[in-house]
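One structure is given here, and the rest of the page talks about it.
Where a number appears in this text, it was derived from the coordinates with a stated rule and is not lab data. Values in this document were obtained by computation on a predicted structure and should not be read as measured data. No Cβ is skipped: glycine too gets one built from the backbone with ideal geometry, and neighbour counts run over all protein chains shown.
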DNA sequence: TTGTATGCGTTATCAA
DNA sequence: TTGATAACGCATACAA
């Protein structure tokens, strides 16, 4: 941002050649240099507040020491904790994080992905995957190092770190059944995402396991993981005459939409209808009522994904793992036994 | 991240010299090149999916086309909207945003700032300023291009974009007075920040303007803009025997802490005590009770700051402006007339 | 232990 | 209109 001192200037000040200065300042090679010289160079570097030019270094080493992160939208409170986990791990290894928001726009995503490649990121962490994505599968085949977080791509060996979607929903449904509910609805998320699909399937399976026959009208799908789309799907269900006593939302944003519709219809939660969300986003514990939801360890998901990427950067031939982090059911005040 | 095609390869494929390829692909110089050649080069570039190497370009042009953003903590919902504003504007001009979290740790901040400089960012947007900061004032004097958001540095000509802290608090206090309150407390934010200080002063001034004498016991200060520190300060006030009928919190996080203490003491808000926050963070409209607060246009603050930085990058001699964006009072359900 | 030469991919400058 | 050459700042193979 301002004419920074170069290695040459440091070398001059220390009275040595650039090469020596480079060696002295580089931990990997500093053992080759005379301790006295070493001190002189370090002193010079300190005095000039020398910072190696990352672009020059990267050009030479063919590494940028940076990692791109593709998110749908940073303002969705789900993602900041993931990003923090990623950043903390990456920063500890000297990597810088480049964040990009796709807004669920595939074209924008392509542009941003290209930008990241232009910046020569050493790897990418992707939170925007669709089940049938080919932008990423192609890139993966071309050798682009990547890790998926939160969502996965179908039938691919791209490594991923996700929460346990299936188990999370299973716990939620079982909890409702134990409370005595049988008319349990699911407001599913978009089926082109692994999260939307897996959770929907887990819902069906959990009902089946309990011997409850699925009423197809109780299964509706939101077009996006948002409050408005969640509300829209929920509203449609009620308008079709369906009367569940409990709703399992595919995520907390959709659950927010459910609550909106409950309010519209003057239904009190949990007295008239129970609700369970998914993710345990920040602040859902302060809703009215405090939301029962499936807690997913987002910070850890981010941290684990970063570690995995780092591993793969160090050792490209590592087999692709898929890590699933355990989910836990957090009971608050949005669930209760059905009214008699 | 994987061996990308270079300009040389594009040139070879198009049967021209690298220089020509460079010119053809660069909008600024493409007018100098023969239309037919141009097409050949572009075709080659497209076929190879050529992406210019940003590091090589940056090394040559001494511009990285990137901007650093220094935040206290991304998981504070205040910041994602600011970041989105910044990113949207910056991306439209081809800049990439580098986000760094300082966690309010001065040493960490210094390290991150150095990292950003090492990455040769063309400018920095800073949301972590302290009133007496000298890391930034020094850097500013050295010619580092920067813009402060949300907070400013005292007595400096560093450009800034902030919400109208003074007016926001004035509106909040006046509103409470109009409702009939006279024992109005303020849980101030850290006084080493411009926001904490300005809001505290605005509170005093507003009382003064209304002819209400300040009870010093009703003015307490939180050590940080967090829920726990807000609760701590609020608790101390009650334990000192003070009984306000209304509280103006320095921000929404602190307001959350106030609500916690109200609950501890079985005080109902707004029946027993009124509360006003500051910022209108996401989700405060869904608290119990929905929080009355001062709305600050965070997205616009970010966008405006990015525009300002862009202006200054283009024209370094621009005078340093300080923009204040208007705040508005958002009345929800946390304020009411005092109990009789 | 230190220095020399070279090149990473791009663009600026100059020459043709 | 195009090509040749050098240079950005750094790291590395090689030589001394």
Roughly how tilted is helix B:252-264, in degrees to the nearest 10 and between 0 and 90, from the longest Cα axis of chain B?
-> 30 degrees
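Shape verdict for the range B:118-179, please, from the Cα gyration tensor: rounded (a/c under 1.5), prolate (a/b greater than b/c) or oblate. Please list the in-between numbers first.
Values: a/c = 4.08, a/b = 2.88, b/c = 1.41.
In terms of gyration-tensor shape, prolate.
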Once you average over the residues of A:47-57, how many Cβ atoms of partner chains fall within 10 Å of each Cβ?
-> 5
Averaged across the residues of A:105-118, what count of C-beta atoms belonging to other chains lies within 10 Å of each residue's C-beta?
-> 2
Would you please state the base-10 log of I(q)/I(0) at q = 0.16 1/Å for the range A:165-295, with intensities from the Debye formula using one equal scatterer on every alpha carbon?
-> -0.67
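Which order, highest average first, do B:140-151, B:212-223 follow once you tally other Cβ atoms within 10 Å for each residue and take the mean per peptide? Could the numbers behind the result be given before it?
Details: B:140-151: 21.6, B:212-223: 16.0.
My ranking of the peptides, most packed first, is B:140-151, B:212-223.
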When the chain is fully extended, how far beyond the present Cα-Cα distance does residue A:191 get from residue A:142, taking 0.36 nm per residue of separation?
-> 14.9 nm
Using the Kirkwood radius over Cα pairs, work out the Stokes-Einstein diffusion coefficient for the protein assembly as shown at 37 °C and 0.692 mPa s, in µm²/s as a whole number.
-> 119 µm²/s
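For a footprinting-style exposure proxy, rank B:186, B:192 by other Cβ within 10 Å, fewest first. The partial results should precede the final answer.
Values: B:186 30, B:192 15.
Listed from fewest to most nearby Cβ atoms, that is B:192, B:186.
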Using R₀ = 56 Å, calculate the FRET efficiency as 1/(1 + (r/R₀)^6) where r is the Cβ-Cβ separation of residue A:92 and residue A:174; round to 0.05.
-> 0.90
What angle, in degrees between 0 and 90 and rounded to the nearest 10, separates the Cα long axis of helix A:106-118 from the longest principal axis of the Cα atoms of chain A?
-> 20 degrees
Considering only DSSP beta bridges with both partners in the range A:165-295, what is the antiparallel share in %, to the nearest 5?
-> 0 percent
Label residue B:61 and residue A:12 with points 7 Å out from Cα along Cα→Cβ: what is the distance between them in nm?
-> 2.7 nm
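By DSSP, what percent of the beta bridges with both residues in chain B are antiparallel, rounded to the nearest 5?
On the way: 3 of 36 bridges.
Roughly 10 percent of the DSSP beta bridges within chain B come out antiparallel.
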Most exposed to least, judged by fewest other Cβ atoms within 10 Å, B:60, B:242, A:321 sort to B:60, A:321, B:242
Per the Cauchy relation, a quarter of the hull surface: what is the mean projected area of the convex hull of the alpha carbons in the range A:7-52, in nm²?
-> 2.6 nm²
What do you get when you divide the Cα radius of gyration of the range B:47-152 by 2.2 N^0.38 Å, with N the number of residues?
-> 1.13
Counting only DSSP beta bridges with both residues in the protein assembly as shown, what percent are antiparallel, rounded to the nearest 5?
-> 10 percent
Find the relative contact order for the range A:230-340 and round it to a whole percent, using C-alpha pairs within less than 8 Å whose residues are 6+ positions apart.
-> 29 percent
Report the percentage of all Cα-Cα pairs in the range A:37-76 whose separation exceeds 13 Å, rounded to a whole percent.
-> 70 percent
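Averaging sequence separations of C-alpha pairs under 8 Å and six or more residues apart, then dividing by the length of chain A, give the relative contact order as a whole percent. All intermediate terms of the calculation are to be shown ahead of the outcome.
Details: 651 pairs, mean separation 58.8, N = 340.
Worked out over chain A, it gives 17 percent.
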Once both axes come from the Cα atoms, what is the angle between helix A:79-92 and the longest principal axis of chain A, in degrees from 0 to 90, rounded to 10?
-> 30 degrees
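Tell me, what is a quarter of the convex hull surface for the C-alpha atoms of the range B:1-91, in nm² with one decimal? Don't jump to the answer; show the numbers that get you there.
Working: hull surface 32.1 nm².
Approximately 8.0 nm², given one-decimal rounding.
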Efficiency of FRET between residue A:210 and residue B:4 - r from beta-carbon atoms, R0 56 angstrom, step 0.05 | 0.60
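Could you give the length gained by full extension between residue A:26 and residue A:183, i.e. 0.36 nm per residue of separation minus their alpha carbon distance, to one decimal place?
Values: separation 157, 0.36 × 157 = 56.52 nm, distance 6.55 nm.
Length gained between residue A:26 and residue A:183: 50.0 nm.
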Averaged over B:77-85, how many beta carbons belonging to a partner chain fall within 10 Å of each residue's beta carbon?
-> 3
Give the dimensionless ratio obtained when the Cα radius of gyration of chain B is divided by 2.2 N^0.38 Å.
-> 1.26
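How big is Rg to Rh over the range A:218-340, alpha-carbon atoms, Rh as the Kirkwood inverse-mean-distance radius? Let's see the in-between values first.
On the way: Rg = 17.9 Å, Rh = 15.9 Å.
Taking Rh as the inverse mean 1/r over Cα pairs, Rg/Rh reads 1.12.
Normalised by the residues of the range B:59-102, what does the relative contact order come to in percent, with Cα pairs under 8 Å and at least six apart? Display every interim value, and only then the final one.
On the way: 40 pairs, mean separation 25.3, N = 44.
Contact order relative to length: 57 percent.
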Most exposed first by the Cβ proxy, i.e. fewest other Cβ within 10 Å, how do B:17, A:175, A:181, B:298 rank?
-> B:17, A:175, A:181, B:298
